[in-house]
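Note sheet for the following structure.
The values are calculated or read from the model by the stated rules, or taken from the named source; none is laboratory data. Just so we're clear, the structure is a prediction, and the values are computed from it rather than from any experiment. When we count neighbours, we look across all protein chains shown, and the Cβ atoms used for this are built from the backbone with ideal geometry, even at glycine. We work out accessible area using only protein heavy atoms, side chains counted, and drop any ligands, DNA or RNA first. Shrake-Rupley method; radii C 1.70, N 1.55, O 1.52, S 1.80 Å.
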Amino acid sequence: MFVSKEGAALASPNGLRTIMEDIAQTLHTADQGNGNFVNLGIGNPAPIPEVTTYWRSLTQEVIDENATCKMGSYGASRGEEALLLEIARFFRTHLDWDIGPENIVVGPGSQFLCFAAGVLFADCDHPIILPRLPDYTGYDALRAGRNALRGIEPQVEILDQRSFRYRLDESALAKIDRAGLFVASTPSNPVSDVLDQRALLLILDAAKRTNATVLLDHAYGLPFPAIAHGTTWMTLDPRVLHCFSLSKAGLPGARLGFAIGDPDRIDAMTAFVSNTVLHASRLSQDIATAALRDQSILALVRNNISPHYRRAAVHAQRAARDCLPASINWKTHAQDGGMFLWLWCDEPWSDDLELYRMGKERGVFFTPGRYFFLGSEQEHAWMKQCLRISLNQPAETLEHGLTILADCMRALRDSAPRPAWDRPLSRTADRGVHDA
Ligand SMILES: Cc1ncc(COP(=O)(O)O)c(C=O)c1O
């Protein structure tokens, strides 16, 4: 079989896809009676009952109204007119953005829209820049074809014994002299931090200097699902494409996202949609239109989605302190909201793939962190010492998973060769408060 260079890049699963397939395969086997697994590796939204009920009844309403006849014909590539008008009204009302349908394109999920932007606005001479690693592994696909992708390693700021924060490396960003597209998720997958105004202005400066486009991926941000405590400064700059999605608000299977930006970029994106998938699902677009028309999605976010993840984030920090070994130097990334806990096991023996393997043996999945340092030019030990832990499971499931992770950490530490001077005289001497 002949496969083109571009095709080979798209046809090969990246590192994290291989892990996700391993998780799916193991869970499938477990379903057939080989055990109960806890999956803290997945990026599905939490199954919040009120959210499930809301989308189910809205879907039923839309189906009852007109689905059959809508599904019987093709729609417009930019998106259904009613949806474009509702999106424009929503952003005019809530963010004071002066936009109309010409500023909007709808697509089958924001992953697709990011891919479209990568194809359209970058190539090997004008690379994709991820200014703030670690970032969403789905951006790896953007380097397919003739694209180059470069990620900027962050600076690590230790906040206290148990927490740290990655910071944008401003001087590395200032040195970027060729770029086609800057991409960042905010709040980020995987660390759940938010791009602040200073960082965003620096990225915009770099984009101006290189004549590049900036794509801000709000999959976890405002206005839905709004699972950040802080907010990214939302500016309508002609260079910025803002990407939004209904997935994390409870509809990942509906495959619906949209981008907002200046009409020239949006026209190019619309042509890309037309040339590849024709348009997004008309049924999903009608569901989104209904949610925006009466603004009921705002109440859902305010009353159910945001509070759920806020509670989950607070609980996760507490559970980490309660369950993980006090004698091991672990830290969590400061959380501005988001769907994940990012854990750094800052020990020379620590290895994310080994912890993944040991967790799997004991019935728990976490996501190894190394795959989120995409396009990094340097390899630091700390890039292989992190795990992403999903906050979409009930509190007791998370605690169970963290307790097992604690066992894995102890076992990995105890199996690592240690210099003579570092060997404890007895096991009790090495036990921390939570280490029993
Ligand atoms: C940061 C980020 N962007 C985009 C996506 C994909 O979203 P969608 O379902 O809208 O394609 C994800 C999914 O996990 C994500 O984490």
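Hey, can you tell me all the residues within the stretch 194-210 that are of a type in the set (A, V, I, L, M, F, W, C) and not in a helix (DSSP H, G or I)?
V194, L195
Quick check, is A226 among the small types (G, A, S), more than 13 Å from the ligand (Cβ to nearest atom) and in a loop (DSSP other than H, G, I, E, B)?
yes
For residues that are open to solvent by 30 Å² or more (accessible area, probe 1.4 Å) and either free of Cβ contacts under 8 Å to residues at least 24 places away in the same chain or aromatic (F, W, Y) (or both), scanning just the stretch 240-266, find the one that is nearest to the ligand (Cβ to nearest atom).
G253
Take S171 and decide whether it is free of Cβ contacts under 8 Å to residues at least 40 places away in the same chain and hydroxyl-bearing (S, T, Y).
Yes: the conditions hold for S171.
Scan the stretch 176-199 for residues that are of a type in the set (D, E) and either within 12 Å of the ligand (Cβ to nearest atom) or within 22 Å of the chain's Cα centre (by Cα) (or both) and report the count.
Final tally of qualifying residues: 2.
Let me confirm something: among L120, L168, L159, L173, which residue is more than 16 Å from the ligand (Cβ to nearest atom) and within 19 Å of V277 (Cα to Cα)?
When all the criteria are applied, what remains is L120.
Collect the residues in the stretch 130-187 that are of a type in the set (S, T, Y) and surrounded by 19 or more Cβ atoms within 10 Å (Cβ to Cβ), keeping them in residue-number order.
Scanning the stretch 130-187 gives Y136, T137, Y139, Y166, S185, T186.
Report, by residue number, each residue of the stretch 98-116 that is over 17 Å from the mean Cα position of the chain (by Cα) and modelled with pLDDT of 95 or more.
Those that are over 17 Å from the mean Cα position of the chain (by Cα) and modelled with pLDDT of 95 or more: I99, G100, P101, E102, N103, I104, V105, V106, G107, A116.
I'd like the full set of residues that are surrounded by fewer than 21 Cβ atoms within 10 Å (Cβ to Cβ), touching a strand residue (DSSP E or B) at 6+ places or on another chain (Cβ under 9 Å) and within 23 Å of P238 (Cα to Cα), limited to the stretch 269-287.
Matches in the stretch 269-287: F272 only.
For the list (1) over 25 Å from the mean Cα position of the chain (by Cα); (2) more than 30 Å from L387 (Cα to Cα); (3) part of a loop (DSSP other than H, G, I, E, B), I need the number of the one condition that N36 fails.
Unmet for N36, out of (1) over 25 Å from the mean Cα position of the chain (by Cα); (2) more than 30 Å from L387 (Cα to Cα); (3) part of a loop (DSSP other than H, G, I, E, B): (2).
Can you report the number of residues in the stretch 303-328 which are without any contact (Cβ under 8 Å) to a residue 40 or more places away in the chain and either more than 25 Å from the chain's Cα centre (by Cα) or open to solvent by 40 Å² or more (accessible area, probe 1.4 Å) (or both)?
4
Between S274, S284, which is in a helix (DSSP H, G or I), assigned by TED's automatic domain parsing to the domain that holds A226, within 14 Å of the ligand (Cβ to nearest atom) and not acidic (D, E)?
The unique qualifying residue is S284.
Being closer than 23 Å to L85 by Cβ and under 15 Å from the mean Cα position of the chain (by Cα): is that true of G261 here?
In short, no.
Kindly list the number of the only condition in (1) free of Cβ contacts under 8 Å to residues at least 40 places away in the same chain; (2) in contact with a helix residue (DSSP H, G or I) (Cβ under 7 Å, 6 or more places away or on another chain) that fails for R78.
R78 satisfies every listed condition except (1).
If you scan the stretch 364-379, which residues turn out to be in a loop (DSSP other than H, G, I, E, B) and not aliphatic (A, V, I, L, M)?
Result: F366, G369, F373, G375, E377, Q378, E379.
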